[in-house]
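Engineer: Got a structure here, written out as structure tokens. Questions coming.
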Amino acid sequence: LTGYYGETLADITLPEGFSFVDEETTELDEVGEKTFKVNYTAPNDTEGKYNVITNIEVTITVNKARPEYTVPTTLTATYGDLLSSVAFTQPADGEWSWQEGSALVGDKGERVHLATFTPIDNGYATVEDIEVTVTVAAKTLTNNSAISAIVAQTYTGSAIEPTITVTDNGATLVK
């Protein structure tokens, strides 16, 4: 038998004829294996031919439940920022993190990145691959901006795409 953290015995389906000794409102409040007692009454035994078997121990495997969470909104960044610099407002019941914090936020506009929600309560599972939108603003260049010189090219009969590097205050913006 299996159940999920936070459910009650009423959520567990027993085979026909079995019933819990404990109250059905008893909560599955720990992850792992929990032992409960059940009674067995033969189905359709209207004449009482069979004895009721009492206090049979059964084990329920309690799995972590999927937590409820609210996907963060109104996250902003500037072109060239690392995703790790985009801070979440952390909820009281868990913690948000970026799955690829070392990645750049992307071009100007709305960009979707993957995040992870880790609940504080160990009875709930960590949820990964949650799509979170970051609104990326254009970067205002400073007087310390530079565009690298284009290396001399030799025409080969095919299209040539030179490598251009744009930096601002020492940070590479385009390469």
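Engineer: Of all beta bridges DSSP finds with both residues in segment 66-175, what is the antiparallel percent, to the nearest 5?
Structural biologist: Of all bridge pairs located within segment 66-175, approximately 85 percent are antiparallel.
Engineer: Could you compute how much accessible surface Phe18 exposes when probed at 1.4 Å, giving the result in Å² to the nearest 10?
Structural biologist: The accessible area of Phe18 comes to roughly 70 Å².
Engineer: Given the chain, what whole percent of its Cα pairs are spread farther than 23 Å?
Structural biologist: Above the 23 Å cut-off, the chain has 65 percent of its Cα pairs.
Engineer: A further question on this structure: Work out the FRET efficiency for Thr41 and Glu68 from their Cβ-Cβ distance, taking R0 = 30 Å, and round it to the nearest 0.05.
Structural biologist: 0.20
Engineer: Describe numerically, in nm with one decimal, the distance between label points set 7 Å from Cα along Cα→Cβ at Thr89 and at Thr172.
Structural biologist: With each label placed 7 Å out from Cα toward Cβ, I get 3.6 nm.
Engineer: Between segment 81-104 and segment 1-20, what is the C-alpha centre distance in whole Å?
Structural biologist: When both Cα centres are located, 38 Å separates them.
Engineer: Okay, which of segment 48-89 sit inside 20 Å, backbone N to the point 7 Å along the Cα-Cβ direction of Thr26?
Structural biologist: Hits in segment 48-89 for Thr26 at 20 Å: 52-65.
Engineer: Here is a further query. In square angstrom, what is the accessible area per residue of segment 1-151 with a 1.4 angstrom probe?
Structural biologist: For segment 1-151, the solvent-accessible area averages 66 Å² per residue.
Engineer: Taking Cα pairs under 8 Å and at least six residues apart, what relative contact order does the chain come out at, in percent?
Structural biologist: Relative contact order for the chain comes out at 16 percent.
Engineer: May I have the count of lysine pairs in the chain with C-alpha atoms under 20 Å apart, counting pairs 8 or more residues apart or located on different chains?
Structural biologist: Counting lysine pairs in the chain gives 4.
Engineer: Follow-up question, since we're still on this one. Given R₀ = 30 Å, what would the calculated FRET efficiency be for Lys108 paired with Ile130, taking r from the Cβ atoms and rounding to 0.05?
Structural biologist: It comes out at approximately 0.80.
The values are calculated or read from the model by the stated rules, or taken from the named source; none is laboratory data. Quick caveat: nothing in here was measured; it's all calculated off a predicted structure. Positions of Cβ are backbone-derived with ideal geometry, glycine not excepted, and every protein chain shown enters the neighbour counts. Remember, those area values only see protein heavy atoms, side chains included, never the ligands or the DNA or RNA. Shrake-Rupley method; radii C 1.70, N 1.55, O 1.52, S 1.80 Å.
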